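A short write-up of the structure that comes next.
The values are calculated or read from the model by the stated rules, or taken from the named source; none is laboratory data. Just so we're clear, the structure is a prediction, and the values are computed from it rather than from any experiment. Note that we place each Cβ from the backbone using ideal geometry, even for glycine, and neighbour counts take in every protein chain shown.
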Amino acid sequence: MPKLINSDTLYQVESLELMKKNIIILFYICFASILHSQTAEEVLTIIDRNQRIFSTLYFSAEMTIYSGSTNSSKSFFGFIQGDKTFIEYNNIEDLGFRYLKVKDKIWNYSPETKIILELPKESFENSMRNTTLSYNEKMNQTSYSNKHIAHSLKSVIINDVEILILKLKPKYNNETCYIEKELFITKKDYLIQKMICYTKNNNKLEATKEFIFKNYKEISHLKIPMTVIVRDFRDKNSYIIIKYKDIKINEPINYRIFTLKFLKD
């Protein structure tokens, strides 16, 4: 007479077989994820592919500067073409104040003195208006990989959203004043949500400036953040919010805009 298997034994056998199958499936999932896990270089390539590349850019915006319990607002418009940037303020307090940047040279024009001054790069880097100029110039960088090397990559979950944290280092020492940048990127669309810039202080890495990018809008098939929040960690009581009202891409620009003669006209 054949030996009967009771229900408990049968359940144990079936459970063991199911466990074996799950272990095998889990092994293949882990193995596949290792084979197909993204590298820092691959994410940098995707970011470059999605980067806002255009020949010309017109923009108008408002900037609010918060310092302690006070704030002040400014409005401006400008043009970008390649390595040339022109900005003019049109709020009442700064009406007619202009900046021109061509490659590494920066000039400003004050309607009060009617004089054009070339600004030393060192004295300009930490000024409040430089936040406007430097960020708008960054909008037209052709790719991060031109000046940076992908250093490391990790994935984290923030507010139930998968975020890729990509660390970049400059290719050349004289390319940027920051020795490291940290990009926080949403995995689903590879849009940069935040950038933290680091410098060295007493041989220690120190977070110096933070850019937060919000309210992305598709313009001419490009996704551009219409709100930018800038914080300088060296001044914890102040921050800047830039809100773009209008952006036009790849429209003709008169070359005279990027000349010293136009700066004073």
Fill in the blank from the handout: Among the residues of segment 52-64, the number that are surrounded by fewer than 17 Cβ atoms within 10 Å (Cβ to Cβ) and modelled with pLDDT under 90 is 3
Exercise for the section: Answer with yes or no whether residue 208 is among the hydroxyl-bearing types (Ser, Thr, Tyr) and crowded, with 16+ Cβ neighbours inside 10 Å. Expected result: yes
Fill in the blank from the handout: Restricted to segment 163-190 and to residues being closer than 16 Å to residue 205 by Cα and polar (S, T, N, Q), the residue modelled with the highest pLDDT is 173
Problem - Checklist (1) in a loop (DSSP other than H, G, I, E, B); (2) among the basic types (Lys, Arg); (3) at pLDDT 80 or above applied to residue 74, failing item - result: (1)
Handout entry: Whichever residue in segment 66-94 is of a type in the set (Val, Ile, Thr) and over 17 Å from residue 245 (Cα atoms) and, among such residues, is surrounded by the most Cβ atoms within 10 Å (Cβ to Cβ)
Key = 85
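Condition check: within 26 Å of residue 99 (Cα to Cα) and either among the aliphatic types (A, V, I, L, M) or not in a strand (DSSP E or B) (or both). Does residue 248 satisfy that?
So residue 248 does not fit the description; no.
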Problem - Selection count, segment 220-244, where residues are assigned to a strand (DSSP E or B) and under 17 Å from the mean Cα position of the chain (by Cα) - result: 17
Practice task
Take residue 262 and decide whether it is at pLDDT 90 or above, surrounded by 14 or more Cβ atoms within 10 Å (Cβ to Cβ), within 15 Å of the chain's Cα centre (by Cα) and aromatic (Phe, Trp, Tyr).
Solution key: no
Practice task
Give 237, 215, 201 a once-over and let me know the one that is more than 20 Å from residue 145 (Cβ to Cβ) and touching a Pro at 6+ places or on another chain (Cβ under 8 Å).
Solution key: 215
Fill in the blank from the handout: The residue that is farthest from residue 173 (Cα to Cα), considering only those in segment 211-231 that are surrounded by 18 or more Cβ atoms within 10 Å (Cβ to Cβ) and either out of contact with any strand residue (DSSP E or B) (no Cβ under 8 Å at 6 or more places or on another chain) or touching a residue at least 40 places away in the same chain (Cβ under 8 Å) (or both), is 224
Practice task
Kindly list, by first and then second residue, each pair from a residue in segment 157-171 that is surrounded by 11 or more Cβ atoms within 10 Å (Cβ to Cβ) to a residue that is among the acidic types (Asp, Glu), limited to pairs with Cβ atoms under 9 Å and residues at least 6 apart or on different chains.
Solution key: 165/182; 166/182; 167/180; 167/182; 168/180; 168/182; 169/180; 170/180
